[in-house]
Structure formats: structure tokens, C-alpha cells
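> I have a structure here, written as C-alpha cells, and I will follow up with some questions on it.
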Amino acid sequence: MGEVDPDTGEFQVLQYAVAVDAGEMLHYKSAVAQLLFGAVMGFGHALFEEIVYADGQIMNADPFQYRLPALKDLPALMQTSVLEAGDGPGPFGSKGMSQTTIATAAPVIGNAIHDAIGARVRSLPITPEKILAALGKIPGKEMKSSIA
Amino acid sequence: MIPPFKLIQAHSTSDAVAELQRLGDDAKIYGGGTELLILLRHNLVQSDYLIDIKSIPELGSIRCANGTVSIGAAVTHRSLETDSTVREMLPMLASAESQVANIRVRSQGTLGGNLCFNDPHSDPATVLLVHDATAQVAGPNGKRQVLLGSFLTGMYSTALEADELLLSVDVPRLPAQFGGSYMRIHRLQRPTLGVAAAVSLRDGALDEVRLAVGCVGPRALRLEELEGNLHGAAPAEISKIIQESKTSLKALLEPIDDLLGSSEYKLYITGVLLERALHEAVHNATR
């Protein structure tokens with residue numbers, strides 16, 4: 001669940017839930033941490049992280065300019081659900097599950113934004129500027145999308 | 001690595017000015033160091049001597065007389081955020097200061113250092129402009145006063161001469177019938193945009209309007225033309241008047257395309273935040 005300010009394009013994740021099929025969790029705390037913080041890493045890809053080049057130089061190769069998710073970007077509530085059917089090829093029926101939540105963050109966030117404002121941002125990271133462009137409020141590379 | 005330098009402890013303002021005069025370009029004033037040490041480390045500034053002014057008592061004090069708060073140049077952002085006098089007399093400044101960078105920087109960085117470095121992406125100057133603040137400057141020929149709008153001359157530059165020291169900033173509180181508001185947007189370490197508004201009302205319409213915008217252009221600026229256009233307007237007309245002034249705002253603010261966004265984006269959110277800040281200021285004025 002997220003919130004978009006349609007005037008400024010600012011976006012905040014309000015609530016986030018992940019579910020994964022682990023086969024069998026070998027270490028509960030590690031598994032849950034992998035899921036949660038994989039999601040946080042995914043927030044980075046979805047909303048912030050981008051290497052910007054100009055004239056062959058990286059313009060943001062330092063933590064001042066290269067934005068990673070910070071505590072204030074995280075929702076108050078993050079939940080994990082793990083399916084354990086013991087049917088994996090690993091020890092005790094486990095499966096590779098760590099950080100599987102990275103890949104799903106961007107599509108989830110993109111869909112949440114679409115659900116909230118009816119506009120699609122089709123490139124990452126999804127910045128406030130791209131959200132405003134998708135809403136047709138400023139010119140930009142993001143085409144104003146037809147509401148699907 | 002920071003190249004070696006000699007640290008000179010100044011015990012008084014005249015002491016600091018004398019050292020500046022003696023050492024010329026080889027010396028830099030060292031307050032909190034949050035900007036200066038980064039510049040030294042990246043070799044963007046070279047300095048053989050740093051003159052530490054933190055232990056000069058008058059530069060670290062916040063004094064209040066006749067409705068004006070005099071803030072010493074070495075007062076930290078954190079002090080301004082938490083000081084009871086500032087919070088009562090200059091709530092808009094306290095609010096802006098509470099949003100500067102992070103708590104480590106606020107505990108270390110000083111208002112004087114922030115203004116003298118004059119990074120375009122900074123919060124305090126925008127609020128201080130709306131307060132019609134004055135910089136008190138000391139040099140070899142004595143003291144002088146400079147209106148903050150004239151002190152902040154451009155990107156990373158001020159009206160300070162090489163042998164001059166910023167002593168304090170005198171900040172008159174907003175007149176009693178005024179309401180104020182400071183709003184900002186930030187994405188990277190430094191703010192993308194900061195907007196300060198102060199208004200008084202007459203018969204439900206805007207009377208005196210003060211507006212300043214920071215971070216969008218090379219320096220924080222008062223928006224005198226827009227202030228004039230808003231004079232006498234009803235709060236419901238704010239949005240329309242801001243829309244009509246977009247062309248002149250663009251010419252005045254000179255937004256550029258950079259990592260923080262395109263110039264179109266910056267101009268657009270400037271309008272949004274100006275409108276929001278004005279409405280909040282109106283709300284605070286009628287409270």
C-alpha cells in the first residue's frame with residue numbers, strides 16, 4: 001500500500017507484505033531478514049538508484065548524490081509470509097529463497113502507483129518527476145499513459 | 001585524506017580578523033567544518049591555516065532584544081532547532097533548521113558556515129530572507145552591516161571580503177499579525193527546493209506578502225514581483241496568480257537540469273510549494 005501526492009509526485013510506501021515459497025526455512029530469523037531487507041533493496045531499485053553519466057563521467061558516484069533507501073522511506077508495517085511445503089531440492093526440502101523479494105519490489109510499487117493515480121511510470125527508478133510527467137503535469141520522457 | 005594544515009585558535013573576533021589579515025588567502029575560517037573539511041578532503045579548497053572560531057563566546061550566543069534575535073555565526077543548526085527563544089520568536093527558522101541534513105550535521109554545522117559557504121542547496125537562507133535578516137560583519141576597518149539579500153551574492157559566493165568575518169545574523173521576528181510557513185522537498189542529501197512564505201491579512205485578503213525560494217537557482221531569492229502581485233489578493237486567487245507568474249519566476253530563479261531534476265520539474269514544484277506555503281501562512285496568520 002502506498003501514497004502518492006499528485007501535486008508533487010512524492011511517493012511513500014505505507015505498508016508492504018511479501019510472501020515466498022521457501023520449501024523449508026533452515027534458519028527462521030535469517031530467512032525473514034533476507035525477505036524484509038531484500039524488499040528494502042528492491043525499494044532502492046524501484047525508487048532511487050540510478051547511475052547518471054554525463055560526458056563519460058559518473059555524476060553521482062558518492063553517497064551525497066547516489067540515493068539509497070533510508071529509514072524514512074520504509075513503511076511502518078512490513079510483513080512476511082513463508083510457505084513451507086518441504087518440497088525443494090535442497091537439504092530438508094529447502095529452496096533458494098534469499099532476497100527473492102528484490103525483484104518484485106519495482107513491479108509492486110509501479111502497480112501501487114498506477115492503482116493510486118491511474119498513471120504508469122515505465123522506467124526505473126520511479127521518481128517524483130516521472131510521476132508528474134506520467135500525470136501530464138510536466139513535459140517529460142514518460143508519455144502520459146492511457147488509463148488501463 | 002585531508003592535506004596537513006595548521007589550526008589557529010582565535011580567542012576573540014578581533015583576533016580572528018587579525019589572523020585573516022595576516023595570512024590572507026592561506027587561511028580559512030573554521031566553524032563546524034561540515035562543508036569545509038569535505039572541500040579540503042576532495043582538494044576543492046586548499047588552505048594552510050584554519051582559524052577556529054568556535055571558542056569565541058560572542059559567536060556562539062543567541063541573544064534577543066527589541067524583537068530581534070541575534071544569532072552568533074558559530075551557533076549550530078541543532079541549537080537553532082532546539083533553542084526556546086528561537087522556537088518562540090522564529091518558529092519558521094526553527095522548523096527549517098530541524099530539517100537541515102541529519103542530526104550529526106546539525107550538531108556540528110553552524111549557521112555562519114552555512115551562509116558563508118552559500119551552497120545553493122540549503123535551507124536557512126530562504127527563511128532568513130523572509131525575515132529581512134541582516135548580517136553583521138567584522139573586518140580590519142571595523143564592523144559593517146549587510147542585508148542578507150545582498151550578502152548572498154551568488155553560488156558559493158558572498159559579499160564577505162577575504163579578511164572579513166561574519167559575526168552574527170540579526171533576525172527580526174515577523175510582525176505579530178503575520179503567519180509564516182517553510183516547506184521543502186528533498187531527495188538527495190541536499191534539498192531540491194525550499195520555500196518560505198510570510199503573510200499578513202486585511203479583511204480576509206492578503207496584505208503584506210513575503211516570499212523566498214531557495215535551492216532552485218544559484219542562490220536563495222526573495223520574489224518581490226510575485227509578492228507585489230499577491231498584495232490585496234484573496235487566498236482563493238493564490239493559485240491563479242502563481243500560475244500567471246511562471247514565466248517571470250523562471251527568468252528570476254534560473255532553474256537548471258541536474259541530478260535533482262529537470263528545470264521544468266523544479267519550476268513546477270516551486271509553484272506547488274509556493275501555493276501550499278502561502279495557504280499555510282494564511283492559516284497561521286488567522287490562527
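> So, in the stretch A:55-84, of the ones that are in a strand (DSSP E or B) and closer than 25 Å to A:GLN99 by Cα, which residue ends up nearest to the chain's Cα centre (by Cα)? Walk me through how you get there before you give the answer.
Of the stretch A:55-84, the ones in a strand (DSSP E or B) are A:57-58, A:77-83.
With closer than 25 Å to A:GLN99 by Cα added as a condition, the list becomes A:77-83.
Values: A:LEU77: 15, A:MET78: 13, A:GLN79: 15, A:THR80: 15, A:SER81: 17, A:VAL82: 19, A:LEU83: 22 Å.
Step by step, filter the stretch A:55-84, then rank; the result is A:MET78.
> Across the stretch A:1-19, what is the number of residues that are within 14 Å of another protein chain (Cβ to nearest Cβ), part of a strand (DSSP E or B) and β-branched (Val, Ile, Thr)?
Number satisfying all stated conditions: 1.
> When you check A:PHE43 against the structure, is it assigned to a helix (DSSP H, G or I) and away from chain B (no Cβ under 14 Å), yes or no?
no
> Tell me, please, whether a residue that is under 26 Å from B:TYR156 (Cβ atoms), surrounded by fewer than 20 Cβ atoms within 10 Å (Cβ to Cβ), over 17 Å from the mean Cα position of the chain (by Cα) and of a type in the set (A, V, I, L, M, F, W, C) can be found in the stretch B:95-110.
For the stretch B:95-110, residues under 26 Å from B:TYR156 (Cβ atoms), surrounded by fewer than 20 Cβ atoms within 10 Å (Cβ to Cβ), over 17 Å from the mean Cα position of the chain (by Cα) and of a type in the set (A, V, I, L, M, F, W, C): present.
> Please verify whether the stretch B:267-276 includes one or more residues that are over 24 Å from the mean Cα position of the chain (by Cα) and either assigned to a helix (DSSP H, G or I) or within 14 Å of chain A (Cβ to nearest Cβ) (or both).
no
> Among the strands (runs of 3 or more DSSP E) contained in the stretch B:97-179, which hold 1 or more residues that are acidic (Asp, Glu) and modelled with pLDDT of 95 or more?
B:165-172
> Would you confirm whether any residue within the stretch B:222-239 is farther than 27 Å from B:CYS64 by Cα, within 14 Å of chain A (Cβ to nearest Cβ) and either touching a helix residue (DSSP H, G or I) at 6+ places or on another chain (Cβ under 8 Å) or surrounded by 16 or more Cβ atoms within 10 Å (Cβ to Cβ) (or both)?
Yes, the stretch B:222-239 contains at least one residue that is farther than 27 Å from B:CYS64 by Cα, within 14 Å of chain A (Cβ to nearest Cβ) and either touching a helix residue (DSSP H, G or I) at 6+ places or on another chain (Cβ under 8 Å) or surrounded by 16 or more Cβ atoms within 10 Å (Cβ to Cβ) (or both).
> So how many residues does the stretch B:124-168 have that are under 22 Å from B:VAL199 (Cα atoms) and either touching a His at 6+ places or on another chain (Cβ under 9 Å) or of a type in the set (Ser, Thr, Tyr) (or both)?
Taking the stretch B:124-168 first, the residues under 22 Å from B:VAL199 (Cα atoms) are B:124-134, B:147-149.
This time we only want the ones that are either touching a His at 6+ places or on another chain (Cβ under 9 Å) or of a type in the set (Ser, Thr, Tyr) (or both), so: B:124, B:126, B:134, B:148.
Within the stretch B:124-168, residues that are under 22 Å from B:VAL199 (Cα atoms) and either touching a His at 6+ places or on another chain (Cβ under 9 Å) or of a type in the set (Ser, Thr, Tyr) (or both) number 4.
> Right, something else. Using beta carbons and a limit of 9 Å, which pairs, at least six apart or on different chains, have the first residue in the stretch B:10-28 and in contact (Cβ under 8 Å) with a residue 12 or more places away in the chain and on the phi > 0 side of the Ramachandran plot and the second one among the small types (Gly, Ala, Ser) and outside any helix (DSSP H, G or I)?
B:GLY24/B:ALA162
> Sort through A:ALA54, A:ALA76, A:ALA148 and tell me the only one that's under 28 Å from B:LEU193 (Cα atoms), modelled with pLDDT under 95, more than 14 Å from every other protein chain (Cβ to nearest Cβ) and surrounded by fewer than 12 Cβ atoms within 10 Å (Cβ to Cβ).
A:ALA76
> Given the conditions (1) hydrophobic (A, V, I, L, M, F, W, C); (2) in contact with a helix residue (DSSP H, G or I) (Cβ under 8 Å, 6 or more places away or on another chain); (3) touching a residue at least 40 places away in the same chain (Cβ under 8 Å), and given that B:ALA133 satisfies all but one, which numbered condition is not satisfied?
In the conditions (1) hydrophobic (A, V, I, L, M, F, W, C); (2) in contact with a helix residue (DSSP H, G or I) (Cβ under 8 Å, 6 or more places away or on another chain); (3) touching a residue at least 40 places away in the same chain (Cβ under 8 Å), B:ALA133 misses (3) alone.
> Could you tell me whether the stretch A:20-37 includes any residue that is touching a residue at least 40 places away in the same chain (Cβ under 8 Å), in contact with a Leu (Cβ under 8 Å, 6 or more places away or on another chain), in a strand (DSSP E or B) and among the acidic types (Asp, Glu)?
yes
> Still on this structure, please answer the following. Just give me the residues in the stretch B:240-277 being closer than 17 Å to B:ARG190 by Cβ, buried (at least 18 other Cβ atoms within 10 Å of the Cβ) and either in contact (Cβ under 8 Å) with a residue 12 or more places away in the chain or touching a Lys or Arg at 6+ places or on another chain (Cβ under 7 Å) (or both), in sequence order.
Listed by number, the residues that qualify are B:LEU253, B:PRO255, B:LEU260, B:GLY261, B:LYS266, B:ILE269, B:THR270, B:LEU273.
> As an exercise: evaluate B:GLU58 against (1) closer than 30 Å to B:PHE178 by Cβ; (2) surrounded by 19 or more Cβ atoms within 10 Å (Cβ to Cβ) and give the number of the one condition it does not meet.
(2)
> Out of A:ALA61, A:ALA105, A:ALA85, report the one residue that is of a type in the set (A, V, I, L, M), more than 11 Å from chain B (Cβ to nearest Cβ) and buried (at least 16 other Cβ atoms within 10 Å of the Cβ).
Of the residues listed, the single one that is of a type in the set (A, V, I, L, M), more than 11 Å from chain B (Cβ to nearest Cβ) and buried (at least 16 other Cβ atoms within 10 Å of the Cβ) is A:ALA105.
> For the stretch B:200-228, which residues satisfy the criterion of being among the hydrophobic types (A, V, I, L, M, F, W, C) and either touching an Asp or Glu at 6+ places or on another chain (Cβ under 7 Å) or in a loop (DSSP other than H, G, I, E, B) (or both)?
B:LEU201, B:VAL209, B:LEU211, B:CYS215, B:VAL216, B:ALA220, B:LEU223 - these are the residues of the stretch B:200-228 that are among the hydrophobic types (A, V, I, L, M, F, W, C) and either touching an Asp or Glu at 6+ places or on another chain (Cβ under 7 Å) or in a loop (DSSP other than H, G, I, E, B) (or both).
> Could you identify the single residue in B:ARG184, B:ARG190, B:ARG144, B:ARG173 that is within 14 Å of chain A (Cβ to nearest Cβ) and over 19 Å from B:LEU36 (Cβ atoms)?
Of the residues listed, the single one that is within 14 Å of chain A (Cβ to nearest Cβ) and over 19 Å from B:LEU36 (Cβ atoms) is B:ARG184.
> Hey, can you tell me all the residues within the stretch A:108-144 that are away from every other protein chain (no Cβ under 14 Å), of a type in the set (Val, Ile, Thr) and closer than 14 Å to A:GLU3 by Cβ?
Result: A:ILE109, A:ILE113, A:ILE117.
The values are calculated or read from the model by the stated rules, or taken from the named source; none is laboratory data. The shown structure was predicted, so the numbers you read here are calculated from the model rather than taken from an experiment. No Cβ is skipped: glycine too gets one built from the backbone with ideal geometry, and neighbour counts run over all protein chains shown.
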